[in-house]
């Protein structure tokens with residue numbers, strides 16, 4: 001199980017890096033083409049938008065793995081550790097419930113798009129395939145939430161506070 005999670009870590013990291021490079025490069029080329037040659041590449045804006053959306057949603061899953069999602073925690077830091085962990089666990093269970101609902105609803109949307117196809121304007125791609133990022137990322141995020149809670153509550157691992165200026 002540990003090796004599967006490590007491979008998932010690497011996959012998410014590399015996929016996010018590749019998607020970031022893709023959409024930044026496409027936008028850079030698009031700007032150069034418009035400014036220097038007065039010509040725009042119609043499909044590049046659409047592809048960069050799709051890459052950005054996939055980057056954001058895969059990045060959300062990866063951030064959950066690092067326990068780096070934004071939370072309002074200043075009031076929780078005043079509480080005893082066990083109480084704080086209990087409250088965070090309840091919040092994470094609600095988060096998993098939300099992710100589960102979003103996964104189910106996004107699959108319903110994808111099924112609808114398979115039945116009544118909708119194609120992207122410039123690339124002529126089925127939007128059903130592009131929307132698969134939603135159930136993928138919400139499911140991965142739930143897995144990561146469970147993983148982080150296991151590491152914190154069972155293994156005693158302390159994650160860095162991302163709000164701390166001293167954090168890397």
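What are the residues in segment 96-124 that are farther than 19 Å from residue 57 by Cα, in contact (Cβ under 8 Å) with a residue 24 or more places away in the chain and either assigned to a helix (DSSP H, G or I) or touching a strand residue (DSSP E or B) at 6+ places or on another chain (Cβ under 9 Å) (or both), if any? Full working, then the answer.
Residues of segment 96-124 that are farther than 19 Å from residue 57 by Cα, as a first pass: 111-124.
Next, from what is left, pick out any that are in contact (Cβ under 8 Å) with a residue 24 or more places away in the chain: 120-123.
Hit for segment 96-124 is 120, nothing else.
Working carefully through the options 126, 112, 142, find the one that is farther than 28 Å from residue 6 by Cβ and surrounded by 14 or more Cβ atoms within 10 Å (Cβ to Cβ). If you could, list the steps in order and put the result at the bottom.
Values: 112 fails: surrounded by 14 or more Cβ atoms within 10 Å (Cβ to Cβ); 142 fails: farther than 28 Å from residue 6 by Cβ.
Of 126, 112, 142, the one residue that is farther than 28 Å from residue 6 by Cβ and surrounded by 14 or more Cβ atoms within 10 Å (Cβ to Cβ) is 126.
For segment 79-92, how many residues meet the condition of being free of Cβ contacts under 8 Å to residues at least 12 places away in the same chain and out of contact with any helix residue (DSSP H, G or I) (no Cβ under 9 Å at 6 or more places or on another chain)? Before you say what the answer is, go through the steps one by one.
Here is the first cut: in segment 79-92, the ones free of Cβ contacts under 8 Å to residues at least 12 places away in the same chain are 79-84, 86-87, 90.
Cutting the leftovers down to out of contact with any helix residue (DSSP H, G or I) (no Cβ under 9 Å at 6 or more places or on another chain) gives us 80-82, 86, 90.
Total satisfying the criteria: 5.
Would you pick out the residues in segment 50-78 that are in contact with a helix residue (DSSP H, G or I) (Cβ under 8 Å, 6 or more places away or on another chain) and free of Cβ contacts under 8 Å to residues at least 24 places away in the same chain?
69, 71, 76, 77
State whether one or more residues within segment 67-85 are assigned to a helix (DSSP H, G or I) and under 29 Å from residue 42 (Cβ atoms).
Initial filter on segment 67-85 (assigned to a helix (DSSP H, G or I)): 76-78, 81-85.
If we keep only those that are under 29 Å from residue 42 (Cβ atoms) too, we end up with none.
No, because not a single residue in segment 67-85 is assigned to a helix (DSSP H, G or I) and under 29 Å from residue 42 (Cβ atoms).
All but one of (1) modelled with pLDDT of 90 or more; (2) surrounded by 10 or more Cβ atoms within 10 Å (Cβ to Cβ) hold for residue 9; state the number of the condition that does not hold.
Exception for residue 9: condition (1).
The values are calculated or read from the model by the stated rules, or taken from the named source; none is laboratory data. These numbers were taken from a predicted model, which means no experiment stands behind them. FYI the Cβ positions are ideal-geometry reconstructions off the backbone, even for glycines, and counts take in every protein chain you see.
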